[in-house]
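*Asks:* Take a look at the following structure, please.
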Amino acid sequence: MNGRFFSLNSLRSNGAVWPLTYALFLTLLFAAALLHGRFKINTNLFDILPVSSSLKNISKADAVLGEKTSRGFYILVESREFADAKKAAELFYQKCISASVSDDLFDDISLYIDDNVTAQVLDYLYQYRYALLDSGTINLLETGGAEIIAEEGIANAFSIFNIVPLDNIETDPFFLTGRHAVRFLSKVLQQGGSMSPRENVLSAVYGGKHYVMIRGAFSKDGVSLTSNENAVGEIYDFAGQIKKQLRDVDFIYSGVPFHVYESSQNAQSEISIISSLSMLAVILIFLFVFRDFIPILFSFTSISLSIAAGTAAVLLFFSEIHILTFVFGTTLIGICVDYALHYFVIRLRTAESGNIIRRHIFRALLLCFASTEIAFTALFFAPFTLLKQFSVFLFFGAANSFLTAICIFPLLPASRAIKKVNETSAEKTIHLNFFARVSILSVFAVLFSTVLFINRKNIRIENNISDLYTMSGRLKESEKKANAALNYGASGSYFIVEGENAEDVLIKESWLINRLDESIKNGVLSSYMAASVFMPPLETQKKSISASEKLVPFAEKQLAYLGFTDTAAFMSDFNLNERNYIEFEDIPSYLQDIVSNLWLGEIDGRYYTCVLPLHVKDEAILRGLAGENSAVHFINKARIISAELDALTRTMLQFFAAAFAVVSVILFICYRLKNTIKILLSVLFAISSVLATLSFFNVPFGFFPAAAIILIFGLGVDYMIFSIDSSCMRESFFAVKLSWITTELSFGALALSSFTPVHIFGLTVFSGLFAVFISVVLLNSRNFV
C-alpha cells in the first residue's frame with residue numbers, strides 16, 4: 001500500500017501524472033471505439049431530419065415507405081422526334097443493364113412494357129369481374145338499381161369508344177369488364193402520369209417534344225457515396241456519352257437519389273474547402289504572432305487529435321457519423337485553438353516554466369472548459385440526431401484540447417525568444433472611464449434595438465425543412481420538366497393505413513378510398529393510388545359477388561337485347577366465378593408492381609399500406625378524413641417535421657435557460673457578484689446582436705440559431721472569464737483576441753456554406769461572438785487594443 005502511494009507521489013512530483021492522464025483518456029476512447037464494431041459515414045442529406053413524435057406509432061411503416069421511394073427514380077429522354085428519343089433511351093438502358101450486371105447498381109430498371117399489358121389487365125378484369133365491383137356499383141345493386149346497370153351495359157356495349165373487345169359479351173352481357181376498365185386503366189395510367197404506351201415504351205408529348213420514360217430503383221450500394229462506383233454518377237456519364245452520339249436528345253432526371261447525390265457531393269467539397277481555409281488562416285496567424293513552429297506544430301497536433309477524438313466518440317455513441325457533422329465539426333478548429341493560444345501566448349511573453357504557466361491559467365481554463373462542456377451537454381439532450389452527434393463531437397474534441405493544454409504543453413521547454421510587454425509596445429492600454437464605456441455600449445444597444453424594432457415582424461420561431469436544401473439550376477429545371485411532362489400529381493402528402501392483419505388493413509383502406517371517391521366528386525383531389533383498388537379485401541369481394549347476384553334475374557332480357565336466345569353460357573360462367581376470389585398471385589405482373597409499391601406489409605405484427613392522393617386541391621379536408629378513423633394517418637412530412645422543429649426550437653431555448661442557470665451558479669461561487677454580472681451581461685448582449693442580425697436578414701429564429709445560441713454562450717463565457725481571471729491579464733486578453741479572431745474565421749467560413757442550416761449556424765455564431773468581444777473590451781476597467 002505504501003509502495004503504491006510512494007509511486008503515485010513520485011509520478012506527481014515528476015509531473016508524469018499529467019501526460020499519463022492524457023494518454024489514458026485517448027487510449028480508452030480509441031480502444032472503446034475500435035472494439036465497438038462496424039462504423040459507417042452517413043451521406044444521406046434527409047437523415048439529418050428529426051423523427052417526429054407524431055409519427056412514432058407508424059415510424060417503422062413510414063421508414064419502409066421511405067426506403068421504397070428514396071431509391072426510386074424516373075429518367076425522361078427528350079427529343080423533337082419520337083424515334084430519336086426511343087433510340088437514345090434504348091442505348092441508355094443497355095448501358096445501365098450492362099453496368100448493373102457488373103456492379104449491382106440497380107434493384108430494378110425498366111424501359112420496355114409488354115405489348116399485352118392492356119390485354120392482360122382486361123383478361124384479369126373479365127375473370128374477376130364479379131369480385132371487383134366498386135362501392136358505388138355495389139350500393140346501386142343492393143338498393144334495386146340492377147336495371148340501371150343493365151341499361152348502362154347495353155349503352156357501353158354499342159358505344160363507338162368502347163375499349164373492351166366484345167368477344168366475351170355472351171358471358172358478360174352487363175359489360176362489367178368495360179365498367180371496371182375505365183376505372184382500372186385510369187389508375188394504371190396514373191402510375192406513369194401522362195405517359196401512354198407506344199412501340200413497347202411509355203412516352204408523352206409536351207411542348208412539342210417527345211419524352212420516353214425509364215423507371216427504376218437504385219440498389220443500396222448504387223446510391224452509397226462511400227462505394228467506389230455511384231450509380232448516379234454513372235448515369236450522368238452514360239447520358240453524356242449518348243448526347244455526344246445523338247445531338248438532339250437530352251435527359252431529364254427526377255427522384256430523391258439525384259438530389260442526395262448532388263447535396264452530398266457539395267457537402268464533401270465544402271468540407272475540404274472550409275477546413276482548408278480555416279486551417280490556413282489559423283496557421284498564418286500563428287506564424288505572424290509566434291514566429292516559431294513549435295506552437296503551430298503542437299496546436300495543430302492538438303486540433304487533429306481533437307477531431308479524431310470527436311469522431312471516435314460519435315462512432316462509439318451512434319455507430320455512424322453524418323457527413324454534416326464534419327461540416328459543423330470544422331468549428332472545432334476555432335474552439336480547440338483557444339486553449340492552445342492561452343498557453344502559448346503566456347509562454348511567448350514570459351520566461352516561466354510550463355508548470356508555472358499551468359498554475360497561472362488552470363483555474364480560468366477549467367472554468368472555461370466546464371462552461372463550454374455544459375453548453376455542449378445541453379445540445380445532446382435535443383431529440384435530433386445531427387445535434388446529438390455535433391454535441392458529442394464537440395464535447396470530446398474540446399476535452400482533448402483542454403487535456404492537451406494542461407497535460408502536454410507544460411512539458412515543452414520555456415520559450416527562448418521572449419516578447420516583453422510594456423507601455424511602448426504596439427499593444428497599449430486604453431483607460432476608458434465608466435461613462436465612456438457605458439456610452440459605447442449604449443450606442444450598440446440602441447443600434448441593436450433599432451434594427452429589432454424596424455424588423456420586428458421578422459422575429460419569429462419558425463422552421464421550414466424545404467430551406468434545408470436548395471436545388472441547383474440543372475436539377476431544378478429537370479424536376480420542372482419532369483413534373484410538366486409526367487403530370488403525375490403527387491404532392492408529397494400521403495396516407496398510411498394500419499390494420500391487425502392483411503385483410504383488416506385492406507378493409508380499413510377500402511373505407512378510406514370510398515371517402516376519397518366522395519372527395520373526388522367534390523373537387524378535393526383528382527385521383528389516388530391504392531393497393532385495394534387492384535386487390536380488394538376478401539370481405540369486399542364477397543359483398544361484390546353477392547351484389548352481382550341481383551343481375552341474374554335480368555340476364556335473359558339483357559342477352560335478348562344483345563341477340564342471344566340462351567342463358568346457359570352466362571349461368572354456367574356465373575356459377576363458376578361465384579367463388580372466384582382474388583389472391584395477390586392472380587394479379588397481372590404489371591399491376592403487381594403497382595401494388596407492391598403501395599403495400600408495406602407486416603411490421604412488428606401489424607400490417608400497413610400507403611394511399612397516395614393525386615392533384616390535391618384542399619389538403620385540410622384529407623387531414624380531416626384521417627381524423628375520422630384512428631387506423632388512417634395523413635402525412636405531410638414537410639409540414640410535420642417543420643412543426644416538430646418549431647417545438648424543438650422552444651425546447652432548445654429551455655436547455656439554454658438551464659445551462660445559463662447552472663453556469664450562473666458556478667460563476668457566482670467562483671467570482672464576486674460584479675464579475676458574474678459582467679459575464680452574464682456579455683451573453684445577453686450577444687443574444688441581442690444575434691436577434692438583430694437574424695431579423696435584418698429576415699431569417700426566422702429556428703432550430704439552428706437556437707443551437708448556435710448555446711454555443712455562443714459557452715464561448716462567450718470563456719472570453720469573459722479569461723479577461724477577468726488571470727494573473728497574466730494582459731497576456732490573457734491578447735490570447736482572447738487571437739482566439740476570437742480564429743474562431744470568427746472558422747464560423748465566418750461556415751457562413752459562406754451553400755447549405756442553409758450550416759450558413760445560418762455560422763452567421764449566428766459569427767454575429768454573437770462579435771458582440772461578445774465588444775462586451776469583453778468595454779465591460780472591463782482596462783481596455784486593450
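*Asks:* Would you mind checking the tilt of helix 703-724 against the longest principal axis of the Cα atoms of the chain, expressed as 0 to 90 degrees and rounded to 10?
*Replies:* It is inclined by approximately 0 degrees.
*Asks:* Kindly list the residues of the range 611-640 that lie in the label zone of residue 526, defined by a backbone N under 16 Å from the point 7 Å along the Cα-to-C-beta vector.
*Replies:* Output list for this probe position: 612-619.
*Asks:* Between residue 294 and residue 643, what is 0.36 nm times their sequence separation minus the Cα-Cα distance? Round to one decimal in nm.
*Replies:* 120.6 nm is the gain from fully extending residue 294 to residue 643.
*Asks:* Further question: For each pair in 68/388; 95/209; 40/220; 617/637; 388/476, compute the distance between the two Cα atoms and list the pairs where it is over 22 Å.
*Replies:* Result: 68/388; 95/209; 388/476 exceed 22 Å.
*Asks:* Run the numbers for residue 514 and residue 280: contour at 0.36 nm per residue of separation, minus the present Cα-Cα distance, in nm. Spell out each step's value before the answer.
*Replies:* Details: separation 234, 0.36 × 234 = 84.24 nm, distance 6.46 nm.
Using 0.36 nm per residue and subtracting the Cα-Cα distance, I get 77.8 nm.
*Asks:* Still on this structure, I have one more. Determine the relative contact order of the range 620-719: mean sequence separation of Cα pairs under 8 Å and six or more apart, normalised by residue count, in whole percent. It would help to have the intermediate numbers written out before the result.
*Replies:* Working: 38 pairs, mean separation 33.1, N = 100.
Rounded, it is 33 percent for the range 620-719.
*Asks:* Per the Debye formula with a single identical scatterer at each Cα and no solvent contribution, what log10 I(q)/I(0) holds for the chain at q = 0.11 Å⁻¹?
*Replies:* Results for the chain at q = 0.11 Å⁻¹ read -1.19.
*Asks:* Another question, then. How far is the Cα center of the range 639-666 from the Cα center of the range 261-313, in Å?
*Replies:* Between the Cα centre of the range 639-666 and that of the range 261-313, the gap is 30 Å.
*Asks:* Which percent, to the nearest 5, of DSSP beta bridges fully inside the chain are antiparallel?
*Replies:* Working: 46 of 50 bridges.
Just about 90 percent of them are antiparallel.
*Asks:* Which whole-Hz couplings ³J(HN,Hα) result when phi for each residue of the range 437-443 is put into the Karplus expression 6.51 cos²θ - 1.76 cosθ + 1.60, θ = phi - 60°, listed in order with x for Gly and Pro?
*Replies:* 5, 5, 5, 5, 4, 5, 4
*Asks:* Can I ask one more? For the chain, take the longest principal axis of its alpha carbons; what is the angle in degrees between that and the long axis of helix 146-157, to the nearest 10 within 0 to 90?
*Replies:* That works out to roughly 90 degrees.
*Asks:* Carbon-plus-sulfur fraction of the accessible area of the range 549-609, 1.4 Å probe, in percent?
*Replies:* Details: 1610 of 3440 Å².
Of all accessible area on the range 549-609, carbon and sulfur atoms account for 47 percent.
*Asks:* Enumerate the calculated ³J(HN,Hα) couplings along the range 211-223 in order (Karplus 6.51 cos²θ - 1.76 cosθ + 1.60, θ = phi - 60°), each rounded to whole Hz, writing x wherever the residue is Gly or Pro.
*Replies:* 10, 10, 9, 10, 10, x, 9, 6, 6, 4, 5, x, 10
*Asks:* If the cut-off is a Cα-Cα distance under 15 Å, which aspartates and glutamates reach residue 674, setting aside same-chain residues fewer than 8 apart in sequence?
*Replies:* Hits, sequence-local ones excluded: 725.
*Asks:* May I ask you to derive the relative contact order of the chain, considering only C-alpha pairs under 8 Å and at least 6 residues apart, and to give it as an integer percent? Don't skip to the end; give the middle numbers.
*Replies:* On the way: 1145 pairs, mean separation 163.1, N = 785.
Reported as a whole number, the value is 21 percent.
*Asks:* Can you work out the FRET efficiency for the pair residue 411 and residue 684, with r the C-beta to C-beta distance and R0 = 56 Å, to the nearest 0.05? Let's see the in-between values first.
*Replies:* On the way: r = 40 Å, r/R0 = 0.71.
Efficiency for this residue pair is about 0.90.
*Asks:* Between Rg and the Kirkwood Rh of the range 620-733, both from Cα atoms, what is the Rg to Rh ratio? List each step's numbers first, then the result.
*Replies:* On the way: Rg = 21.0 Å, Rh = 17.2 Å.
Looking at the range 620-733, the ratio lands at 1.22.
*Asks:* Could I ask something else about it? Quick query: amide H of residue 527 versus all other amide H atoms, modeled in the peptide plane; which residues come in under 5 Å with a sequence gap of 5 or more or a different chain?
*Replies:* Here the answer is 614, since their amide H atoms fall under 5 Å of that of residue 527.
*Asks:* Could you tell me the calculated FRET efficiency between residue 17 and residue 657, based on Cβ-Cβ distance and R0 = 35 angstrom, to the nearest 0.05?
*Replies:* Working: r = 38 Å, r/R0 = 1.09.
Efficiency at R0 = 35 Å is approximately 0.35.
*Asks:* Give me the distance in nm between label points sitting 7 Å out from Cα along the Cα-to-Cβ direction at residue 244 and residue 449, one decimal.
*Replies:* With each label placed 7 Å out from Cα toward Cβ, I get 6.7 nm.
*Asks:* Leaving ligands, DNA and RNA out of it, report the carbon-plus-sulfur percent of the accessible area of the range 290-399 at a 1.4 Å probe. Don't jump to the answer; show the numbers that get you there.
*Replies:* Numbers: 2250 of 3120 Å².
Taking all protein chains in place, the range 290-399 shows 72 percent carbon and sulfur surface.
*Asks:* Continuing with this model, one more query. Counting each DSSP H run of 4 or more residues in the chain as -39500 (n - 2.57), what helix-only mean residue ellipticity at 222 nm follows after dividing by all residues, to the nearest 500 deg cm²/dmol?
*Replies:* Values: 29 runs with 493 residues, N = 785.
Result for the chain, helices only: -21000 deg cm²/dmol.
*Asks:* Between residue 503 and residue 27, take the C-beta separation as r, use R0 = 41 Å, and let me know the FRET efficiency to the nearest 0.05. Please list the in-between numbers first.
*Replies:* Details: r = 58 Å, r/R0 = 1.42.
So the FRET efficiency works out to roughly 0.10.
*Asks:* With every protein chain kept in place and ligands, DNA and RNA left out, what is the accessible area per residue of the chain? Probe 1.4 Å, answer in Å². Write down the numbers at each step before the final one.
*Replies:* Numbers: 34460 Å² over 785 residues.
Spelled out: the 1.4 Å probe surface of the chain, per residue, equals 44 Å².
*Asks:* Same structure again: Using a 7 Å offset from the Cα along the Cα-to-Cβ direction at both residue 752 and residue 618, what is the distance between the two label points in nm, to one decimal?
*Replies:* Using points 7 Å along Cα→Cβ, the separation is 5.2 nm.
*Asks:* Per residue of the range 758-773, what does 6.51 cos²θ - 1.76 cosθ + 1.60 with θ = phi - 60° give for ³J(HN,Hα)? Whole Hz please, x for Gly and Pro, Karplus curve as stated.
*Replies:* Values per residue, Gly and Pro as x: 5, 4, 5, 4, x, 4, 5, 5, 4, 5, x, 5, 4, 5, 4, 5 Hz.
*Asks:* Continuing with the same structure: Just want to confirm a number: the relative contact order over the range 446-534, from Cα pairs under 8 angstrom separated by 6+ residues, in percent. Please list the in-between numbers first.
*Replies:* Values: 20 pairs, mean separation 12.4, N = 89.
Value for the range 446-534: 14 percent.
*Asks:* Could you check how much of the accessible area of the range 639-748 is carbon and sulfur, as a whole percent, using a 1.4 Å probe? Could you put the intermediate results ahead of the total?
*Replies:* Details: 2600 of 3620 Å².
Carbon with sulfur: 72 percent of the solvent-accessible area.
The values are calculated or read from the model by the stated rules, or taken from the named source; none is laboratory data. Worth saying up front: this structure is predicted, and the values here are computed from it rather than measured. Every residue, glycine among them, receives a Cβ derived from its backbone with ideal geometry; neighbour counts consider all protein chains shown. Ligands, DNA and RNA are excluded from the accessible area calculation, which covers all protein heavy atoms including side chains. Shrake-Rupley method; radii C 1.70, N 1.55, O 1.52, S 1.80 Å.
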